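Engineer: Supplied in structure tokens, the structure appears directly below.
Since every read-out is calculated from the coordinates, none of them should be taken as a lab result. All figures in this text were calculated on a predicted structure; none of them were measured in a lab. Positions of Cβ are backbone-derived with ideal geometry, glycine not excepted, and every protein chain shown enters the neighbour counts.
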Amino acid sequence: MKRKHATPASARGFSLVEILIALLILSVGILGMLALQAQSVKSNISSDQRTHALMILDSIEETILADTDNRGASICGAGALVPFTNNLSGVDNTAKLSMVDVNAPCPIVDPNNDMNIYRFQVSWEELQSFRGNGQDPTAVVREVRL
């Protein structure tokens, strides 16, 4: 009968302490990746909101530039911004479209250059974190000179 050779103690496998340390390192790595994923989603939402706001302001600018007869003044009429405010839901439910300076005349006339100046902004409350720690006010401003 053959005898089995005894294996040395160092070649028998992993100890429980080694496995626990490996699991701890793996857990820290996975939590780090989850935090990066959450930040990536937040940045993606922010970029999407900004893109929608810029598209709305581009539409307003195109409307002003297309109104060559009145030098864009028709955008200042009552209800002229309503079609654009209907698109704000793509930005955020807190989004608002307004003139930059509500008390300024529309349009602002630059006497030096004989130009009409239109300033519009889209503002909204941007999410700071996914834990609901508050909102960060954000605004995109567009100025059109005609």
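Engineer: Net charge near ILE117: determine it from the other residues with C-beta under 10 Å of the C-beta of ILE117, scoring Lys and Arg +1 and Asp and Glu -1.
Structural biologist: It works out to a net charge of 0.
Engineer: In addition: Select from region 26-105 those trypsin sites (Lys or Arg not before Pro) which occupy a DSSP coil region and have at most 16 other Cβ atoms within 10 Å, ordered by residue number.
Structural biologist: ARG71
Engineer: Now for a separate question. Give me ILE25, ILE117, ILE56 ranked fewest to most by other Cβ atoms within 10 Å of their Cβ, as a rough exposure proxy.
Structural biologist: Lowest to highest Cβ neighbour count: ILE25, ILE117, ILE56.
Engineer: Hey, with R₀ at 41 Å, roughly what FRET efficiency would SER43 and SER74 work out to, going by the Cβ-Cβ distance, to 0.05? Spell out each step's value before the answer.
Structural biologist: Numbers: r = 38 Å, r/R0 = 0.92.
Efficiency, rounded to the nearest 0.05: 0.60.
Engineer: By counting other Cβ atoms within 10 Å of each Cβ, how are ASP69, ASP110 ranked from fewest to most?
Structural biologist: Lowest count first: ASP69, ASP110.
Engineer: While we're looking at this one, here's another question. With a ≥ b ≥ c taken as the square roots of the eigenvalues of the C-alpha gyration tensor of region 49-145, please select rounded if a/c is under 1.5 and otherwise prolate if a/b is larger than b/c or oblate if it is not?
Structural biologist: It is prolate, given that a/c is not under 1.5 and a/b is the larger ratio.
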